[in-house]
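Trainee: Could you have a look at this structure, given as structure tokens, before my questions?
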Amino acid sequence: MGYRTLLRDHRGLLGICFLAMFTSSMGQSFFIGLFQAPISERLDLTPGQFGSAYALVTLAAGFAVLRLGPSLDWVSPRRFALLVLTTLATGVLLLTLSPWWGLGVLGLGLVRFCGQGMMTHLGNTLAGREFVALRGRALGLTGMGLMLGETLLPPLVALLLVLLGWRELWWLFVLVLAACWLPALVRGPWPAAPGERPSRGQRLEGPRPFRDARFWRLLPLLMTLPVTLTGLFIYQAVMTRDLGSTLTVYALALTGMGLAKLPGALLGGRWVDRLGPVALARWYLLPFALALLLAIAFGGHFGVWALMVGGGLAMGTQEPIATSLLVRIWGAEYLGTVRATLSASMVFATGLAPAALGIALDLGASFSLILAGMLAFLVFGWWLAQSVLRSPEARGE
């Protein structure tokens, strides 16, 4: 059984997961960054104030995902999706129409919470829980929804901004997504609620990842790509200057990253099903590690291309590996809880990483030194995870 069988027999549910990941693009940093200048002007914020507000709402979104994400273990997925979509639309309206900067920042927080947080949580949890034999392939196909957004939306936004204002463009995207979600909500093959809601005051059953040493040992490995790539995206101007490249080359390489994610996701999903997530978890960061070494050693246009393509290959494989590994260790029954904890951790990390790198740059660190630090973090995360990957639970024994 392969991708053809999966698409033939389960295209409805896969379509819902794919659409959730594509919808998450509206709350991702790459999309919001395209509108940083007009949003700052609208809210009367300086670039520094916008950055601080962005970090604040990102951290708040992480706490909200941690609190509300586990509900996907007992709430009907259809109802969950409808609530997230309604909150996302409310956030867009506050961001684009509010006459007061405070409500605008609240709208930005809701967009981050529902986009990067809850929509990715919905798509990955559904795919990871509802598919068993072909879980890796299903997660690979689901992740392509975000890849499509990263590849399609930046040039599309640049084109449409010639014809529309930024607020009208956001409203247009909301209408298009609503037109896509309406038939899915009405006729989609939604699974039933996976469990019963705990009674008021009843202690939640199941794993508590933040109290589990295995989770903390896996976390640096799984956070390596989100943390380091966020730093590369945010400080692209400094990176290209220090490496002796240009922003034009970076823009082209970013497209290369999007294309590199495709084989990473498809091959990664297939290999997870055949070899298991543990075997791949040991090696999937190797392309990015090699890319960091090449960028440090050679720099220039070649170094920028290496970082983007190597990061794309590794990022494409991460989600099938990560979610399958969570299911292997903690079980599919509580995937909503564990996946929400991981999602919240990712949100926290991507909110704090730019601040940490900014301090390093202010202290005079070269970007080559920062890349060396990223490589050291990668190696540390790989080493720390080995005891968990060798455990009987991870090996399925």
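The values are calculated or read from the model by the stated rules, or taken from the named source; none is laboratory data. What you see is a predicted model; the values in this text were computed from it and never measured. Neighbour counts are summed over all protein chains in view; Cβ atoms, including those assigned to glycine, are modelled from backbone coordinates with ideal geometry. The area values use the complete protein model at the heavy-atom level, side chains included, leaving out ligands, DNA and RNA. Shrake-Rupley method; radii C 1.70, N 1.55, O 1.52, S 1.80 Å.
Trainee: Could you identify the single residue in Leu267, Leu292 that is more than 15 Å from Leu134 (Cβ to Cβ), assigned to a helix (DSSP H, G or I), out of contact with any strand residue (DSSP E or B) (no Cβ under 6 Å at 6 or more places or on another chain) and in contact (Cβ under 8 Å) with a residue 24 or more places away in the chain?
Mentor: Leu292
Trainee: Pick out the one residue from Leu369, Leu352, Leu361 that is part of a helix (DSSP H, G or I) and either open to solvent by less than 50 Å² (accessible area, probe 1.4 Å) or closer than 16 Å to Leu139 by Cα (or both).
Mentor: Leu361
Trainee: Identify all residues within the range 322-340 that are under 14 Å from the mean Cα position of the chain (by Cα) and either modelled with pLDDT of 85 or more or open to solvent by less than 10 Å² (accessible area, probe 1.4 Å) (or both); write none if there are none.
Mentor: Ala322, Thr323, Ala340
Trainee: Something else: Among the residues of the range 48-58, is any at pLDDT below 85, outside any helix (DSSP H, G or I) and either over 17 Å from Cys114 (Cα atoms) or open to solvent by 10 Å² or more (accessible area, probe 1.4 Å) (or both)?
Mentor: The answer is no, given that none of the residues of the range 48-58 is at pLDDT below 85, outside any helix (DSSP H, G or I) and either over 17 Å from Cys114 (Cα atoms) or open to solvent by 10 Å² or more (accessible area, probe 1.4 Å) (or both).
Trainee: Kindly evaluate Val65 against the criterion of being within 20 Å of the chain's Cα centre (by Cα), under 30 Å from Pro207 (Cα atoms) and assigned to a helix (DSSP H, G or I).
Mentor: yes
Trainee: What residue, of Ser98, Ser71, is polar (S, T, N, Q), more than 30 Å from Leu313 (Cβ to Cβ) and in contact with a Phe, Trp or Tyr (Cβ under 9 Å, 6 or more places away or on another chain)?
Mentor: None of the other options fit; the residue is Ser71.
Trainee: Moving to a separate point now. Would it be correct to say that Val304 is open to solvent by 30 Å² or more (accessible area, probe 1.4 Å), within 19 Å of Leu247 (Cα to Cα), part of a helix (DSSP H, G or I) and at pLDDT 90 or above?
Mentor: For Val304, the condition - open to solvent by 30 Å² or more (accessible area, probe 1.4 Å), within 19 Å of Leu247 (Cα to Cα), part of a helix (DSSP H, G or I) and at pLDDT 90 or above - is not met.
Here's the yes/no breakdown for (1) of a type in the set (Gly, Ala, Ser); (2) within 15 Å of Met26 (Cα to Cα):
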| residue | (1), (2) |
| --- | --- |
| Leu134 | no, no |
| Leu141 | no, no |
| Gly145 | yes, yes |
| Gly149 | yes, yes |
| Pro154 | no, yes |
| Leu159 | no, no |
| Trp166 | no, yes |
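Trainee: Consider Leu108 carefully, then state whether it is among the hydrophobic types (A, V, I, L, M, F, W, C), modelled with pLDDT of 85 or more and closer than 19 Å to Phe348 by Cα.
Mentor: When the stated conditions are applied, Leu108 passes them.
Trainee: Note down all Cβ pairs under 7 Å where the first residue falls in the range 378-392 and is crowded, with 19+ Cβ neighbours inside 10 Å, the second is among the charged types (D, E, K, R) and in a helix (DSSP H, G or I), and they're at least six residues apart or on different chains.
Mentor: These pairs meet every condition: Ala385/Arg217; Val388/Arg214; Val388/Arg217.
Trainee: Let me ask another. Six or more apart or on different chains, Cβ under 6 Å: which pairs go from a residue in the range 206-218 that's more than 15 Å from Val327 (Cα to Cα) to one that's part of a helix (DSSP H, G or I) and hydrophobic (A, V, I, L, M, F, W, C)? Could you list them?
Mentor: Arg217/Leu384; Arg217/Ala385; Arg217/Val388
Trainee: Which one is nearest to Asp73 (Cα to Cα) among residues in the range 155-192 that are among the small types (Gly, Ala, Ser) and more than 23 Å from the chain's Cα centre (by Cα)?
Mentor: Ala192
Trainee: Still on this structure, please answer the following. Could you please give the count of residues in the range 180-197 that are part of a helix (DSSP H, G or I) and of a type in the set (A, V, I, L, M, F, W, C)?
Mentor: 6
Trainee: Related question: Any residue in the range 72-86 that is more than 23 Å from Leu182 (Cα to Cα) and either crowded, with 17+ Cβ neighbours inside 10 Å or among the hydroxyl-bearing types (Ser, Thr, Tyr) (or both)?
Mentor: yes
Trainee: Please go through the range 20-47 and pick out each residue that is outside any helix (DSSP H, G or I) and within 19 Å of the chain's Cα centre (by Cα).
Mentor: Result: Gln28, single match.
Trainee: Name the residues in the range 213-245 that are open to solvent by 30 Å² or more (accessible area, probe 1.4 Å), outside any helix (DSSP H, G or I) and at pLDDT 85 or above, would you?
Mentor: Gly244 - this is the single residue of the range 213-245 that is open to solvent by 30 Å² or more (accessible area, probe 1.4 Å), outside any helix (DSSP H, G or I) and at pLDDT 85 or above.
Trainee: Across the range 1-39, what is the total count of residues that are of a type in the set (Ser, Thr, Tyr) and open to solvent by less than 10 Å² (accessible area, probe 1.4 Å)?
Mentor: Number satisfying all stated conditions: 3.
Trainee: Inspect all residues belonging to the range 352-374 and state whether any of them is closer than 20 Å to Gly269 by Cβ and in contact (Cβ under 8 Å) with a residue 12 or more places away in the chain.
Mentor: no
Trainee: Looking only at the range 136-179, count how many residues are over 30 Å from Val278 (Cα atoms), open to solvent by 60 Å² or more (accessible area, probe 1.4 Å), assigned to a helix (DSSP H, G or I) and of a type outside the set (Val, Ile, Thr).
Mentor: Here the count works out to 10.
Trainee: Inspect all residues belonging to the range 279-291 and state whether any of them is in contact with a Leu (Cβ under 7 Å, 6 or more places away or on another chain) and open to solvent by 50 Å² or more (accessible area, probe 1.4 Å).
Mentor: So far as the range 279-291 goes, yes, one or more of its residues are in contact with a Leu (Cβ under 7 Å, 6 or more places away or on another chain) and open to solvent by 50 Å² or more (accessible area, probe 1.4 Å).
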